[in-house]
Amino acid sequence: MSTLDSKIPPGPIEKKWTDHKSHIRIVAPANKRRIDVIVVGTGLAGGAAAASLAEMGYNVKAFCFQDSARRAHSIAAQGGINAAKNYQNDGDSTFRLFYDTVKGGDYRAREANVYRLAEVSANIIDQCVAQGVPFARDYGGLLDNRSFGGVQVSRTFYARGQTGQQLLLGAYSALMRQVGKGAVQMFDRHEMLDVVVVDGKARGIIARNLITGELERHGAHAVLLCTGGYGNVFFLSTNAMGSNVTAAWKAHKRGAYFGNPCFTQIHPTCIPVSGTHQSKLTLMSESLRNDGRIWVPKSLEDAKAIRDGKKKGSDIAEGDRDYFLERRYPAFGNLVPRDVASRAAKERCDAGFGVNKTGEAVYLDFGAAIQRYGKLEANIHKIENASPEKIRELGTKVVSDKYGNLFEMYENIVGEDPYMHAMKIYPAVHYTMGGLWVDYNLQTTVPGLFALGEANFSDHGANRLGASALMQGLADGYFVIPYTVGDYLADDIRTGAIDTKSAAFEEAETAVKGRIDHFLNNKGTKPVDDFHRRLGKVMWDKCGMARNATGLLEAIAEIRRIREEFWRDVRVPGTANEFNQELEKAGRVADFLELGELMCVDALNRNESCGGHFREEYQEADGEAKRDDVNFRNVFAWEWNGDPSTSPLHKEQLEFEVVKLTQRSYK
Amino acid sequence: MGNMKLNLKIWRQKGPNDAGQMKDYPVSDVSEDMSFLEMLDVLNDDIVRKGDDPIAFDHDCREGICGSCSLFINGEAHGPGKGITTCQLHMRKFKDGDTIHVEPWRAKAFPVIKDLAVNRGAFDRIQSAGGFVSVNTSGNLVDGNAVPIPKDDADKAFDAATCIGCGACVATCPNGSAMLFVAAKVSQFSLLPQGRPEAKLRALNMVEQMDKEGFGNCSNTGACEIECPKSISLEHIARLNREYLAATVTKE
């Protein structure tokens, strides 16, 4: 078995990054002009990387499948971004952010990477403020913070419920500035369909122009994949419709190992599924758990009466409600980490306490917050003996100022006013901690091929804390890759432009073309979505919030059957040389059908429960996850060999030099 | 599945050079819980099964934030309902038996790619002409709290910055003007101290690019504000006008 070299720099953890940055090679300004870099994806990681590298003088080509770089799915992140600024004087520090993140990830992340993330977090806020990102501020004009799950400090910076949008538009404006200067060539409506490896190094990509259908060859000295996560393997997720694994999967097939594919984040507060037509699920930000209380009725009779429409949530007296997170986890209450909150909701619903027609929903209730804020406001405005209506009105205004856009979003989808009736929510697939295996420099096992942001596996272990995805995307793009890619590119100052007429490019393009032709000539009977839906159901039922060996083995067999049928019977209309959205989907689903199997294989081999990976066979008597640090204190990195079920497994042992491993407790 | 029956009239256009036409699509079993785009998904599923070419339309996040979706529905950008995008529009806004007209954004600067999908690349080019603060990535900037920003200014800047770049303002404007889009960006930065140093140049450059792209002039009809899914205020156009005027007067 080959050993994976994580290239963690020596020295004490708080000095690793500074020392590493100071000692790695750099490329002189005049030589940067001779070097081309491809950045695939223009979300927080990709947008930030492309802008920063162009500012430094590299020739950058940036690609996105959306019609504009501004539409990458980072834009949908709601709640906020963490940074160890300690503006609230509540004892926050780089170390505490690092510690919370390692613990939140259930001790399956690489310490050195996480420390670096915490270290640069404060710079991110300064950078974004300088770019004109309008973060929320208090009356003194200073930046405001709120709390997120799994921590006991307020370190989350936000812009109402649209933090991802504001941060992405910051990175996008930096990117557009470079586009205007000609330092970045922007290729929107382009989808990367293969990585080209020449003499063992990533030297370019094959991309399809989604408007004309033309296949294009692009050469570069390094390729950065910033292509996000693969939650859409479940069909229903909070991801955008176009979010996909294709770029990462092609890289995997060209030699990049895939790390911890089964580590999936199921977000506790999403709008429940309403019917078979459903195309996606909508998240209600974790920030709502600052003020919303999660509950189900204490009695099965009440729960049944609610499901049958005979009672409403508001009919259930305070004493008859089970605030199950506050009951089980008094120290963190409603702000336990996502995996813990999700499993607790599933447990109550499985036990028959669900509160909507399908039995798969719990309440997220703002009644108490509206009362509390209303009374506070009445005091502030010196209203004596305020009527209950007045208090309600004042409290509703405060809640609306904080979360207004989320409440509107809920009402649009559900058709019910969440100020009057408690929201109904249920867990849904949201984020994937797994991704391409990378070393400390964010380089995959293919030299010259880097992975940033959600596309890599590195920083969140088995469970990501809220408001840490935005932090990681921007950290990787603004503050890590600009240094580490230079060390790699220092060897390329005399290479010259990459020849895209070489055999490797020819072979890659021919393979891509062959696959497209297969889809179009297949003339099967079923649309792509049919297969995607079936795959999603298998994944959710057997590789979702809870997994067991029997279910995973069944899932592997079922996915193989669906995949075989997909290639035989999929129908893709239209031609290759046009705007063809069904063809785009077909390529993505084909990759999901392979990835899904690998996820099940990964989950099956990890005989422990940790973070979002909950194997029913491995739990404590009280239902908490039972980790096995002797056998599984490691990263699973899978190598492609043509068949996901027999993929060779490589392991990176995780060394914890600073954080002591304990059972994660939020009680 | 639900039980609404609808008569859809949808714009079909094979490519930029095709003349295009409205086509009838009767649909049934529509549930009021479906979003408008999910209703189109179901229709497309049916079209693919019949071996025909499905209707092309842009969409991605389906939660009103990416700005991909468009559609002129019964003569309104993003259809009936205030402050929402097409992907947030749900079928409960329609009645059994309704006829619904679905068209792409129509504007000279937004050529049709296919069916309901248009090219909004002009917005990116306007952005790259000046929609930024000229600050490079650096780990050595001043602390984010070094310059306090009055909450009111920060809130107003945020309101402007919520623009999703969907193009509803252009599509709904009788002149095909992009003033609200440009104003939102100019206004966001001009309200913040970080954006002040380049405020004048930004206004000049972005307006110049807007004109080059073939967008029409603003005649203050205010239609853009009404149809904007993020309810971006006309106030920002006033602010852009002030910035622009000041910039032209003091231009060297």
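The values are calculated or read from the model by the stated rules, or taken from the named source; none is laboratory data. None of these values were measured; they are calculated from a predicted model. Glycine gets a Cβ as well: all are built from the backbone with ideal geometry, and neighbour counts include every protein chain shown.
When the range A:438-481 is filtered for residues that are part of a helix (DSSP H, G or I) and under 19 Å from A:Pro261 (Cα atoms), the ones remaining, listed by number, are A:Gly453, A:Glu454, A:Ala455, A:Ala469, A:Gln472, A:Gly473.
Inspect all residues belonging to the range B:109-132 and state whether any of them is at pLDDT 95 or above, acidic (Asp, Glu), outside the structural domain of B:Phe215 (by TED's automatic domain parsing) and assigned to a loop (DSSP other than H, G, I, E, B). Yes, there is a match, as at least one residue in the range B:109-132 is at pLDDT 95 or above, acidic (Asp, Glu), outside the structural domain of B:Phe215 (by TED's automatic domain parsing) and assigned to a loop (DSSP other than H, G, I, E, B).
Screening the candidates A:Gly141, A:Gly91 for the property of being over 29 Å from A:Phe457 (Cβ atoms) and at the interface with chain B (Cβ under 8 Å from one of its Cβ atoms) yields one hit, A:Gly141. Screening the range A:260-305 for residues that are under 20 Å from the mean Cα position of the chain (by Cα) and farther than 26 Å from A:Gly242 by Cα and picking the one that is farthest from the other protein chains (Cβ to nearest Cβ) gives A:Arg289. Looking at B:Glu243, B:Glu235, B:Glu208, B:Glu213, just one residue is out of contact with any Lys or Arg (no Cβ under 9 Å at 6 or more places or on another chain) and on the phi < 0 side of the Ramachandran plot, and that residue is B:Glu208.
Residues are listed down the side, and each one gets a yes or a no for (1) touching a Ser or Thr at 6+ places or on another chain (Cβ under 6 Å); (2) free of Cβ contacts under 8 Å to residues at least 60 places away in the same chain; (3) surrounded by fewer than 24 Cβ atoms within 10 Å (Cβ to Cβ); (4) small (Gly, Ala, Ser):
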| residue | (1), (2), (3), (4) |
| --- | --- |
| A:Gly43 | yes, no, no, yes |
| A:Gly46 | no, no, no, yes |
| A:Gln66 | no, no, no, no |
| A:Ser74 | no, no, no, yes |
| A:Asn86 | no, no, yes, no |
| A:Thr94 | no, no, yes, no |
| A:Ala122 | no, yes, yes, yes |
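Among the residues making up the range A:392-431, those that are under 21 Å from A:Ile266 (Cα atoms) and not in a helix (DSSP H, G or I) are A:Met423, A:Lys424, A:Ile425, A:Tyr426, A:Pro427, A:Ala428, A:Val429, A:His430, A:Tyr431.
Of all the criteria given as (1) under 28 Å from the mean Cα position of the chain (by Cα); (2) crowded, with 21+ Cβ neighbours inside 10 Å; (3) within 14 Å of another protein chain (Cβ to nearest Cβ), the one not satisfied by A:Asp602 is (3).
Of the helices (runs of 4 or more DSSP H) lying entirely inside the range A:27-131, the ones with 3 or more residues being among the hydrophobic types (A, V, I, L, M, F, W, C), closer than 17 Å to A:Met471 by Cβ and under 21 Å from the mean Cα position of the chain (by Cα) are found at A:44-56, A:94-104, A:111-130. Scanning the range B:15-31 for residues that are more than 8 Å from every other protein chain (Cβ to nearest Cβ), surrounded by 15 or more Cβ atoms within 10 Å (Cβ to Cβ) and in contact (Cβ under 8 Å) with a residue 40 or more places away in the chain gives B:Gly20, B:Val30.
Reported count of residues in the range B:161-196, each being in contact with a Ser or Thr (Cβ under 8 Å, 6 or more places away or on another chain), in a helix (DSSP H, G or I) and surrounded by fewer than 24 Cβ atoms within 10 Å (Cβ to Cβ), is 1. Between A:Asp491, A:Asp476, the distinction of being within 15 Å of A:Leu449 (Cα to Cα) and free of Cβ contacts under 8 Å to residues at least 40 places away in the same chain belongs to A:Asp491 only. Of the residues making up the range A:485-507, those that are surrounded by 15 or more Cβ atoms within 10 Å (Cβ to Cβ), assigned to a helix (DSSP H, G or I) and away from every other protein chain (no Cβ under 14 Å) are A:Asp487, A:Tyr488, A:Leu489, A:Ala490, A:Asp492, A:Ala504, A:Phe505. Within the span defined as the range A:220-233, every residue fails to be out of contact with any helix residue (DSSP H, G or I) (no Cβ under 6 Å at 6 or more places or on another chain) and surrounded by fewer than 24 Cβ atoms within 10 Å (Cβ to Cβ).
For B:Gly51, the conditions (1) within 12 Å of another protein chain (Cβ to nearest Cβ); (2) at pLDDT 95 or above; (3) within 30 Å of A:Thr212 (Cβ to Cβ) are fulfilled apart from (2).
No other residue among A:Glu326, A:Glu301 is assigned to a helix (DSSP H, G or I) and within 30 Å of A:Ser147 (Cβ to Cβ) apart from A:Glu326. Of note, B:Asp58 does not satisfy the criterion of being surrounded by 15 or more Cβ atoms within 10 Å (Cβ to Cβ), in a loop (DSSP other than H, G, I, E, B) and modelled with pLDDT under 95.
Given the condition in the same structural domain as A:Lys311 (by TED's automatic domain parsing) and either within 29 Å of A:Gly104 (Cα to Cα) or within 27 Å of the chain's Cα centre (by Cα) (or both), answer yes or no: does some residue in the range A:369-376 qualify? Yes, the conditions are met somewhere in the range A:369-376. When A:Glu347, A:Glu384, A:Glu389 are checked against the criterion of being free of Cβ contacts under 8 Å to residues at least 40 places away in the same chain, part of a helix (DSSP H, G or I) and surrounded by fewer than 19 Cβ atoms within 10 Å (Cβ to Cβ), A:Glu389 stands alone in meeting it.
Every condition in (1) out of contact with any strand residue (DSSP E or B) (no Cβ under 9 Å at 6 or more places or on another chain); (2) touching a residue at least 60 places away in the same chain (Cβ under 8 Å); (3) among the charged types (D, E, K, R) is met by A:Glu584 except one, and the failing one is (1). B:Asp155 passes every criterion in (1) free of Cβ contacts under 8 Å to residues at least 12 places away in the same chain; (2) touching an Asp or Glu at 6+ places or on another chain (Cβ under 9 Å) apart from (2).
Go through the residues of the range B:140-163 one by one and say whether even a single one is more than 12 Å from chain A (Cβ to nearest Cβ) and either more than 11 Å from B:Ile232 (Cα to Cα) or more than 24 Å from the chain's Cα centre (by Cα) (or both). Among the residues of the range B:140-163, not one is more than 12 Å from chain A (Cβ to nearest Cβ) and either more than 11 Å from B:Ile232 (Cα to Cα) or more than 24 Å from the chain's Cα centre (by Cα) (or both), which makes the answer no.
Tell me, please, whether a residue that is surrounded by fewer than 21 Cβ atoms within 10 Å (Cβ to Cβ) and within 30 Å of A:Arg33 (Cβ to Cβ) can be found in the range A:508-525. Checked against the condition, which is being surrounded by fewer than 21 Cβ atoms within 10 Å (Cβ to Cβ) and within 30 Å of A:Arg33 (Cβ to Cβ), the range A:508-525 yields at least one hit. Looking across the range A:198-215 at every residue that is in a strand (DSSP E or B) and in contact with a Ser or Thr (Cβ under 9 Å, 6 or more places away or on another chain), the one that is farthest from A:Ile35 (Cα to Cα) is identified as A:Val198.
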